[in-house]
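Down below is the structure, laid out as structure tokens.
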Amino acid sequence: MEVMTANSLRDRKDPGAPVSHMLHRTISSQPEIVVSGDGLTLTLADGRQIIDASGGAAVACVGHGNRRVADAIAAQVQKLAYAHTGLFTTEPAEALANLLLHDEPGGLSHAFFVSSGSEAVESALKLARQYFVEKGEPRRTRFIARHQSYHGNTLGALALGGHLARRAPYEPILGTAFSHVSPCFAYHYQASGESDQQYVERLARELDDEFRRLGPDTVIAFCAEPVVGATSGCVAAVPGYFKAVREVCDRYGALLILDEIMCGTGRTGTMHAWEQEGVTPDIETLGKGLGGGYQAIAGMLISRRVVDALASGSGAFMHGHTYQAHPVACAAALEIQRIIQEEDLLSNVRAMGRLLDEQLRERFGAHPHIGDIRGRGLFMALELVEDRDRKQPFDPRLALHERVKYRALECGLGVYPSGGTIDGKVGDHVLIAPPYIVGPDDIEMIVDRLALAIDTALEEETAKSSLRSESPAPR
Ligand SMILES: Cc1ncc(COP(=O)(O)O)c(C=O)c1O
């Protein structure tokens, strides 16, 4: 039997292609090489142009190739590329924290910047634990999160997250301080005839039960994404849910950590997604839209009461990274946040979000294989279903979401589809999250190309399954 290696697969696909020494996400196929970006457009090495309709993974917010950001980065590199935070702070880091927190939104008063969303989540877990140690409550050692959540891929963040498939290979080495309750995912899990209020009460009761099962004085925090991103596809909670879970946390003196790494920094139409929920977190994590892809930067925003506990205790946060608050990354993020404010891009997110929602509903509202159209602002998703009435997903072995991704690329469209939408194993969705500078013509083009990609992918599947049913049974 032939043993498949990365290179034998390459040789078979394109014998002339150069060997890649990169370990890509998929080893059996190499991704396209993208060489430049401008606004919404990405240009590939062979000259093809792609509309970036998902900002990568909801990252690009001011579009690609922004001159102001490029200049700010160049200026900062020339002035000061790096200084260690053990001894120094820098102008861009201070200015970025000030821009985000000068008015202490929701009581958040301090920022901590790192290089990735996963690092931000790790930082939040450690800060929350340290908060209770400083307060003289060292018995608090547990975190509660939700099934189907994603909080990052480092071991702590992965253990916090509730996505079965992503956790599976690592389960035996994941920390045991984490447990999970049901997500607020109305399309699949709100019972028929159950009102929003009843659904919220049921979920709040489940969370309360989990606190009591663990021992309420052992819980550090409950953590959730205000709008669930990559794993389920832009799932916002039903009204009242976040107020109810905040109350449960308050009842037992635990913290509420809201992970806005994907849905925050304006993506859903407000700077913080929690603004639309009527609650404030004790710690908020943010990431993708902070640096818009120009630099690797993420962070956490922390409430004054948490910082005060450390200030009046040990006087230090027992955690750090070499590249935390990197001055070049902070300079890029600062310029991006200034552009968002000065150009009032959040008004555009809201207006174009409405248009995107309308056009998706017009185009896919009666589509036999689109079960749900959901999201907020420029953070929208379509869920693909085999049977709309029964909300029955496609066979996960088809990996329909992957097929849609590649058909979209052929149509000149970059989108962010995923599988395991419903429970980490089954379900397919396509996430659409264009940069905040998107215009009405772009929206129309995105919806047109997406419709073509989805229909082509579905036709191929139908053709394949009819071939399967026509072919004689194997003897
Ligand atoms: C909600 C959420 N938290 C955390 C992360 C992890 O961020 P990163 O990939 O930058 O480590 C992600 C990434 O998709 C995310 O969507």
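Given the condition crowded, with 19+ Cβ neighbours inside 10 Å, of a type in the set (K, R) and more than 16 Å from the ligand (Cβ to nearest atom), answer yes or no: does some residue in segment 120-138 qualify? Yes, segment 120-138 contains at least one residue that is crowded, with 19+ Cβ neighbours inside 10 Å, of a type in the set (K, R) and more than 16 Å from the ligand (Cβ to nearest atom). Residues in segment 305-318 that are on the phi < 0 side of the Ramachandran plot and open to solvent by 30 Å² or more (accessible area, probe 1.4 Å): R305, V307, D308, A311, S312, G313, S314, A316, F317, M318.
Table: residues versus (1) surrounded by 18 or more Cβ atoms within 10 Å (Cβ to Cβ); (2) closer than 24 Å to D389 by Cβ; (3) touching a helix residue (DSSP H, G or I) at 6+ places or on another chain (Cβ under 8 Å).
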| position | (1), (2), (3) |
| --- | --- |
| P172 | no, no, no |
| G175 | no, no, yes |
| P183 | yes, yes, yes |
| H188 | yes, yes, no |
| E206 | no, no, no |
| A221 | yes, no, yes |
| G233 | yes, yes, no |
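Of the helices (runs of 4 or more DSSP H) entirely within segment 251-344, those holding at least 1 residues that are under 22 Å from V69 (Cβ atoms) occupy 288-291, 327-342.
Return a yes/no flag: does segment 163-179 have any residue that is within 24 Å of T280 (Cα to Cα) and either among the acidic types (D, E) or not in a loop (DSSP other than H, G, I, E, B) (or both).
Within segment 163-179, one or more residues are within 24 Å of T280 (Cα to Cα) and either among the acidic types (D, E) or not in a loop (DSSP other than H, G, I, E, B) (or both).
Within segment 214-245, restricting attention to residues that are away from the ligand (no atom under 16 Å from the Cβ) and part of a helix (DSSP H, G or I), the residue that is nearest to A57 (Cα to Cα) is Y241.
Which residue is most open to solvent (accessible area, probe 1.4 Å), if the candidates are limited to segment 269-287 and must be acidic (D, E) and more than 16 Å from the ligand (Cβ to nearest atom)? Talk me through it step by step, then tell me what you get.
At the first step, the residues of segment 269-287 found to be acidic (D, E) are 275, 277, 282, 284.
Narrowing further to those that are more than 16 Å from the ligand (Cβ to nearest atom): 275, 282.
Details: E275: 89, D282: 8 Å².
Across segment 269-287, the extreme among qualifying residues is E275.
The criterion of at least 3 residues that are of a type in the set (S, T, N, Q) is met, among helices (runs of 4 or more DSSP H) falling completely within segment 80-160, by 117-134. Note on segment 139-168: among residues that are open to solvent by 10 Å² or more (accessible area, probe 1.4 Å), over 16 Å from Y252 (Cα atoms) and among the hydroxyl-bearing types (S, T, Y), the one that is farthest from the ligand (Cβ to nearest atom) is T154. Within segment 418-442, the residues that satisfy the criterion of being farther than 23 Å from G266 by Cβ and not in a loop (DSSP other than H, G, I, E, B) are G419, D428. Of the residues A57, A70, the single one that is away from the ligand (no atom under 16 Å from the Cβ), closer than 30 Å to L409 by Cβ and in a helix (DSSP H, G or I) is A70.
Kindly indicate whether L108 is more than 16 Å from the ligand (Cβ to nearest atom), among the aliphatic types (A, V, I, L, M) and either free of Cβ contacts under 8 Å to residues at least 60 places away in the same chain or buried (at least 20 other Cβ atoms within 10 Å of the Cβ) (or both).
So L108 passes the test.
Going by the structure shown, is R390 open to solvent by 40 Å² or more (accessible area, probe 1.4 Å), part of a helix (DSSP H, G or I) and of a type in the set (D, E, K, R)? No.
The values are calculated or read from the model by the stated rules, or taken from the named source; none is laboratory data. Small disclaimer: the values here were computed from a predicted structure and weren't measured. Neighbour counts are summed over all protein chains in view; Cβ atoms, including those assigned to glycine, are modelled from backbone coordinates with ideal geometry. These area figures cover heavy atoms from the full protein model, side chains too; ligands, DNA and RNA do not enter into them. Shrake-Rupley method; radii C 1.70, N 1.55, O 1.52, S 1.80 Å.
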